[in-house]
Amino acid sequence: MSSRQPDEQRLRDLARLRRVRDRIDREYAQPLNVEALARGVHMSAGHLSREFREAYGESPYSYLMTRRVERAMALLRRGDLSVTEVCFAVGCSSLGTFSTRFTELVGMPPSTYRRNAADATAGMPSCVAKQVTRPVRNREAQAGKRQ
């Protein structure tokens, strides 16, 4: 058995993880769960979760919710949809879960963000507004403050 085999296997696993991440980026508004994502790359849900966390620093579910919150922020900045409409538009099926996760990532509830966001990004190109308003997990923000 050569030492190249583990390296080659690791590269194949990373390619499968990248396919999962790309699918989440494309299909964030669809009903996705870890089991379905794992089936798509012929892995068990537990193995996918462990490998994904090791490669990207967060679980597949956390990554999916972050993508959904990012998209929700953009829709809320537009101001023409209610929080409930945004919740369902980004693929969440529970307003409570959506609001809780949004608040964890953004630091304020979606209704407050919707009220404040339009003024905060007025006159900014959308590509700049997206980068400036990108959500940061509260635990990451807290770690940055301590340093």
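Coordinate-derived values only; no laboratory data. These numbers were taken from a predicted model, which means no experiment stands behind them. Neighbour counts run over all protein chains shown; Cβ positions are idealised from the backbone, glycine included.
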Packing-based exposure ordering (other Cβ within 10 Å, fewest first) of CYS87, CYS127
CYS127, CYS87
I need the shape label for segment 60-99. Rule: rounded when a/c is under 1.5, else prolate if a/b > b/c, else oblate, with a, b, c from the alpha carbon gyration tensor.
oblate
Net length gained if the chain between ARG12 and SER44 were fully extended (0.36 nm per residue, minus Cα distance):
10.0 nm
DSSP-loop GluC sites (Glu not before Pro) across segment 12-94, with at most 15 other Cβ within 10 angstrom:
GLU58
At 7 Å along Cα-to-Cβ for each site, give me the label-to-label distance between GLU104 and ALA74 in nm.
2.3 nm
